[in-house]
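So the structure is just underneath, and the comments pick up after that.
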Amino acid sequence: MKKTKVLAAILAATVVMTLVAGCGSNEKTAAPQPQASQAQASGHAGHSATMPKEDPMPMMKELDKTLQDVLKQVKAGQTMDAQKSAAQLVSTTDKVLPHMMDTGLKDKLRTSAVELKDSVNSGKIDPSALENKVKALQELLKQTTAHLQTMSH
């Protein structure tokens with residue numbers, strides 16, 4: 001009977017020590033959590049650190065010029081040049097996107113630029129459909145320029 005009581009006491013002491021040691025380890029893992037919440041609270045500061053430092057406005061002017069070039073080249077029948085300009089348009093659009101915060105506008109701008117490039121690359125270009133795409137992209141460029149002007153880098 002005494003062996004059973006001693007064994008139960010040792011087992012109880014082991015359980016108590018395990019619980020005490022377990023509680024201590026939880027406190028150690030709880031310490032980093034406030035640091036993580038501080039990083040989340042200053043989320044904008046963390047985001048601005050990843051934002052490119054260059055001014056996006058010259059890129060916006062380049063986008064507008066490239067868009068005009070594509071339209072002129074298509075009207076003049078210069079398909080190869082128009083395809084190169086359309087590819088440049090998408091490339092420049094990709095450089096502007098990291099500067100933007102509005103994801104909806106980003107998606108629209110990227111999609112519109114890619115659709116224009118695909119139309120130019122399709123082989124048979126419908127000038128009226130292309131003009132509609134150019135007008136839609138010009139409107140998005142205006143919105144993007146206004147969006148970028150309201151942001152501070």
Answer yes or no as to whether VAL120 is modelled with pLDDT of 95 or more, part of a helix (DSSP H, G or I) and touching a helix residue (DSSP H, G or I) at 6+ places or on another chain (Cβ under 9 Å). no
Can you find, within the range 101-122, the residue that is farthest from LEU63 (Cα to Cα) among those that are open to solvent by less than 60 Å² (accessible area, probe 1.4 Å) and out of contact with any Ser or Thr (no Cβ under 7 Å at 6 or more places or on another chain)? GLY104
Just for the range 130-153: of the residues that are of a type in the set (Ser, Thr, Tyr) and in a helix (DSSP H, G or I), which one is least open to solvent (accessible area, probe 1.4 Å)? THR144
Working only within the range 46-63, note down all residues that are surrounded by 12 or more Cβ atoms within 10 Å (Cβ to Cβ), modelled with pLDDT of 85 or more and not charged (D, E, K, R). PRO56, MET57, MET59, MET60, LEU63
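The values are calculated or read from the model by the stated rules, or taken from the named source; none is laboratory data. Keep in mind that what you see is a predicted model, and the values were worked out from it rather than measured. Glycine gets a Cβ as well: all are built from the backbone with ideal geometry, and neighbour counts include every protein chain shown. SASA here: full protein model, heavy atoms, side chains in, ligands and nucleic acids out. Shrake-Rupley method; radii C 1.70, N 1.55, O 1.52, S 1.80 Å.
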